[in-house]
1. Say we look at the range 174-193 and pick out the residues that are in contact with a helix residue (DSSP H, G or I) (Cβ under 7 Å, 6 or more places away or on another chain) and at pLDDT below 65; which of these is surrounded by the most Cβ atoms within 10 Å (Cβ to Cβ)?
2. Out of the range 79-104, which residues are open to solvent by 60 Å² or more (accessible area, probe 1.4 Å) and within 24 Å of GLU326 (Cβ to Cβ)?
3. Do the conditions hold for MET335, that is, is it aliphatic (A, V, I, L, M), modelled with pLDDT of 95 or more, assigned to a loop (DSSP other than H, G, I, E, B) and surrounded by 14 or more Cβ atoms within 10 Å (Cβ to Cβ)?
4. Among the strands (runs of 3 or more DSSP E) lying completely within the range 205-285, list those that include at least 2 residues that are in contact (Cβ under 8 Å) with a residue 60 or more places away in the chain and under 18 Å from LEU313 (Cβ atoms).
5. So the check is Cβ under 6 Å with 6+ separation or different chains; which pairs have a first residue in the range 63-74 that's without any contact (Cβ under 8 Å) to a residue 24 or more places away in the chain and a second one that's not hydroxyl-bearing (Ser, Thr, Tyr)?
6. Working carefully through the options GLY196, GLY290, GLY242, GLY254, find the one that is crowded, with 19+ Cβ neighbours inside 10 Å, out of contact with any helix residue (DSSP H, G or I) (no Cβ under 7 Å at 6 or more places or on another chain) and of a type in the set (Gly, Ala, Ser).
7. Only one of (1) away from the ligand (no atom under 16 Å from the Cβ); (2) of a type in the set (A, V, I, L, M); (3) under 21 Å from VAL336 (Cβ atoms); (4) buried (at least 16 other Cβ atoms within 10 Å of the Cβ) is not met by LEU76, so which one is it?
8. Across the range 111-130, what is the total count of residues that are under 23 Å from TYR67 (Cα atoms), open to solvent by 40 Å² or more (accessible area, probe 1.4 Å) and within 16 Å of the ligand (Cβ to nearest atom)?
Amino acid sequence: MAATTTAVFSIFFVLLPSLSAASSSPYHSAATLFQNYHTMLTTFKIFIYTPSKPFDFPNAATASLFYTSLRRSPFLTHDPTEAHLFFVPFSPDTSTRSLSRVVRELRNDLPYWNRSLGADHFFLSPAGIDFSSDRNVLELKKNSVQISVFPVVSGYFIPHKDVTLPPLSTSTLTLLHAPVEKSTATSFLGYLRWDGETESQLVNELKSDADFFIEEKSEPPPPLNHIRGFTESKFCLFLYHGDVASMVEAMAWGCVPVVIVDRPIQDLPLMDILRWSDLALLVATPPHGGAAARLKQVLNGLSEEKYGEMKELGVAASKHLVWNDEAQPFDAFHMVMYQLWLRRHVIRYSRSEIV
Ligand SMILES: *[C@@H]1O[C@H](CO)[C@@H](O)[C@H](O)[C@H]1NC(C)=O
């Protein structure tokens, strides 16, 4: 614990200069974050129920990294009476019927579910779960905190309650080598790495526009093209339901992310911590014709001053969106834990009512 505390403080001081240098910080409230983060490290306790059979999440995915880090973390307790939150583990391929049984057993066999009808419980489901006609699953869906992968299918995410995992970067190498000083000269207005599958009028139009660098995804990914895209473009474009994996790398390299999405979204990672409105642009484009023109209008409409600020804040914010095999202070794992910590206050019925 002593080692963790030292590490936290050294990071804290490393972050401070960049905060004061920037005209503003990428956080909703830097003071609240740093103070509460420290309290979280020393007090947060999680109780994990034993799964009916051992399972794991697909390797090298964010859910697996989160699950592994959680089980290795100092947040675990074997004493449910001191737990702030309860984790309900189940395999990603669990059927609604089996999931209903999991919740029913918790409800009937242990006193903790009934105290808040699951509001101090959380679960990890990469795709998220849908509303269900089954009472147990519905209660889990409506009351417990869901952790799933960004972006979430519409209807599978409840704003302000649920949280998403930041996307896993395609290459930690490009993250580590992101330059500290950004060049200001760019050859392209926007860069898009297209997965070759997601149908998009916009992509069709952008392919024939010299202001844009459209890279078609090929196997294996050419990291050099990637870096060229980040460094030579002002903006990095992402289709909301396309490939968002390199969003964090783009930010680290000073390429301001632009998410193409036709509706307001509330499932961005670390929504309670980061001020996304100053980190990324969300742009809706018309489905039939004129998509590229509309996009260019929005991108060219951003003032140089605002652009410079977004770029700088994006670099600072990217540090919190990075996954590590061994969780590090203030990284993606700890920031997701922090979002859970913010959700720990729930009404519990008094002990006398439980029996
Ligand atoms: C929780 O409440 C239900 C009624 O909704 C009840 O059937 C069940 O026995 C209670 N669980 C415990 C452990 O008391």
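The values are calculated or read from the model by the stated rules, or taken from the named source; none is laboratory data. The model shown is predicted, which means the values in this text are computed figures rather than measured ones. Glycine gets a Cβ as well: all are built from the backbone with ideal geometry, and neighbour counts include every protein chain shown. Just so you know, the surface numbers come from the protein's heavy atoms only, side chains and all, with ligands and any DNA or RNA stripped out. Shrake-Rupley method; radii C 1.70, N 1.55, O 1.52, S 1.80 Å.
1. If we filter the range 174-193 for residues that are in contact with a helix residue (DSSP H, G or I) (Cβ under 7 Å, 6 or more places away or on another chain), which is where we start, we get 174-175, 178, 182-183, 186-193.
From what is left, the residues that are at pLDDT below 65 are 174, 182-183.
Details: THR174: 19, LYS182: 16, SER183: 9.
Per the stated criteria, the residue is THR174.
2. Pass one, the range 79-104, residues open to solvent by 60 Å² or more (accessible area, probe 1.4 Å): 79, 81-82, 92-93, 96-97, 101, 104.
Scanning the range 79-104 gives a single hit, PRO92.
3. Details: aliphatic (A, V, I, L, M): yes; modelled with pLDDT of 95 or more: yes; assigned to a loop (DSSP other than H, G, I, E, B): no; surrounded by 14 or more Cβ atoms within 10 Å (Cβ to Cβ): yes.
Here the answer is no, as MET335 does not meet what is asked.
4. Numbers: elements: 212-216, 233-239, 256-260, 281-283.
Result: 233-239.
5. Final answer for the pair search is SER64/PHE57.
6. Numbers: GLY196 fails: crowded, with 19+ Cβ neighbours inside 10 Å; GLY290 fails: crowded, with 19+ Cβ neighbours inside 10 Å; GLY254 fails: out of contact with any helix residue (DSSP H, G or I) (no Cβ under 7 Å at 6 or more places or on another chain).
Just a single option satisfies the conditions, and that option is GLY242.
7. Of the numbered conditions (1) away from the ligand (no atom under 16 Å from the Cβ); (2) of a type in the set (A, V, I, L, M); (3) under 21 Å from VAL336 (Cβ atoms); (4) buried (at least 16 other Cβ atoms within 10 Å of the Cβ), the odd one out for LEU76 is (4).
8. Residues that pass the stated criteria total 0.
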